[in-house]
Amino acid sequence: MKKILLLTENFPPIDGGSGRWFWELYSRLPRQNIIVASHSVEGYQAFDKQHDLHVIRMPMHSAEWGVNSKTGISFYFRMVKHVLKLVKRHKIDEIHCGRVIHEGVIARIIKLLTGVPFICFVHGEDVETAATSREQALLVKWACRGSKTLVCNSENSRNLVAALGFETKNKCEVLHPGVDTSKFIPALADQAFRTQMGWDGKRVLLTVGRLQRRKGQDHLLAAMPELLKIYPDLFYAIVGRGECEAELRSFIDSSGLSSSAAVYTDLNDEALIKSYQQCDIFILPNRTIESDIEGFGMVLVEAQACGRPVIAGNSGGTAETMIIGKTGEIIDCSSPQSIVKGMLPILQDSSFEHFGKSAVEHVKTSFDWDAHVKKAKALFGL
């Protein structure tokens, strides 16, 4: 029986698309084959009581991923020591790394010590960010060259790996994140929920995602005053947590947008799905900031599964989530002005909100977990 160790800092209850992707994928694989080693983040005890996946928690966060500092060297030494014990104790046959750096670097060292092979997941922004640092670029290339396979979340990420010279496309396999189409489903209008959220009488634009500049919530907020001049019933709902929360809330208050925008940081899973179902348009106004890009955009798939038309920025792999012109549209989100220019014709098009019907079928055909798990099993040799 093949024994796999998933080594990833990002795993629930940590927020974020990649952690959710790992949970959805690996919780669907045969239990006897999988062990997860993940970060001992706050709240993990309560989360781990809710499932029967074998998860081992340990401190996996470091401020330094390089090896030119005592902090970085100490981190890798500690992690290799911990992971080596797990590999021996559980007779691990293969390590799956949540990212090329730092997890892939750790697995490459383990391979040198034990011969245990490893694969790395690639999300796009991870390898592009690493390319801006000579030290990290060398580490990423070293990990990629030692890996058995690179599993990329999009064709865009696969192209990046080759373009940046880390590895050839032949070593890359594309495995898109999927969505649970039994949970993310269309729903009838829920007036009580809309009232609770402050959406009464509003045409709601929704963004779900980490509150960071790459996601573009700041630019769409800055575009709202111009959009409201033409469409005064618009409301921008921002769901997520992150480093830009205080900045976004401050902008809403200082710009007089408190009746037309809000940030929601504490929605549970049920309320999150209802937000998708009850919004009018889902938008991920993502943009590239230096080397920080959106590798795929799992939230766009979840929104389409709930029957919502989607809009995304023309950056990274977001176009791979939709059928442009049928389930969603791609616009330039590099500035508030470009968002206004791209949004106005969409808001004027009465047929756009009917894209949601096609979106549901698109997701069932292209992103249902059953097909993705089948591909993953073949890829992982299970």
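At a glance:
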| item | result |
| --- | --- |
| Of every Cα-Cα pair in segment 191-366, the percent that sits beyond 27 Å | 16 |
| Cα-projected label distance for Glu270 with Glu247, points at 7 Å along beta-carbon direction, nm | 3.5 |
| Amide hydrogen neighbours beyond the local backbone of Ile311, cut-off 5 Å, H modeled | Phe282, Ile283, Leu284, Glu329 |
| Additional length obtainable on full extension of the chain from Lys148 to Ser69, 0.36 nm per residue less Cα span | 25.6 nm |
| Spin-label pair Gln337/Glu135, simplified geometry with 7 Å Cα→Cβ offset, distance in nm | 4.0 |
| Mean-position separation - Cα centroids, segment 263-291 and segment 108-172, in angstrom | 29 |
| Vicinal HN-Hα couplings computed from phi for segment 354-370 (Karplus, 6.51 cos²θ - 1.76 cosθ + 1.60; Hz; Gly/Pro x) | 7, 4, x, 5, 5, 4, 4, 5, 4, 5, 4, 7, 10, 10, 5, 5, 4 |
| Projected label distance in nm at Leu379 and Ser258, using a 7 Å step from Cα toward the beta-carbon | 4.8 |
| Computed over segment 191-366: relative contact order in percent, which uses C-alpha pairs under 8 Å that are six or more apart | 22 |
| Descending principal axes extents, segment 1-154, alpha-carbon based, whole Å | 42, 32, 32 |
| Table column - 3J(HN,Hα) (Hz), segment 333-342, Karplus curve with 6.51, -1.76, 1.60, x for Gly and Pro | 10, 6, 8, x, 5, 5, 5, 4, 4, x |
| In segment 241-281, GluC sites (Glu not before Pro) in a DSSP loop with at most 14 other beta-carbon atoms within 10 Å | Glu243 |
| Calculated FRET value between Gln32 and Ile324, using beta carbons and R₀ = 35 Å, to 0.05 | 0.25 |
| Label zone at Thr195 (point 7 Å along Cα-to-Cβ), backbone N below 20 Å, segment 247-279 | 259-260, 271-272, 274-279 |
| Extension gain (nm, one decimal) between Lys3 and Lys49, 0.36 nm per residue minus Cα-Cα | 14.3 nm |
| Within the chain, longest stretch clear of exposed trypsin sites (Lys or Arg not before Pro) (DSSP loop, no more than 10 other Cβ within 10 Å) | 92-382 |
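Computed from the coordinates by the stated procedures, all read-outs in this text should not be read as laboratory data. Small disclaimer: the values here were computed from a predicted structure and weren't measured. Here Cβ is always computed from backbone atoms with ideal geometry, including for glycine, and neighbour counts include all displayed protein chains.
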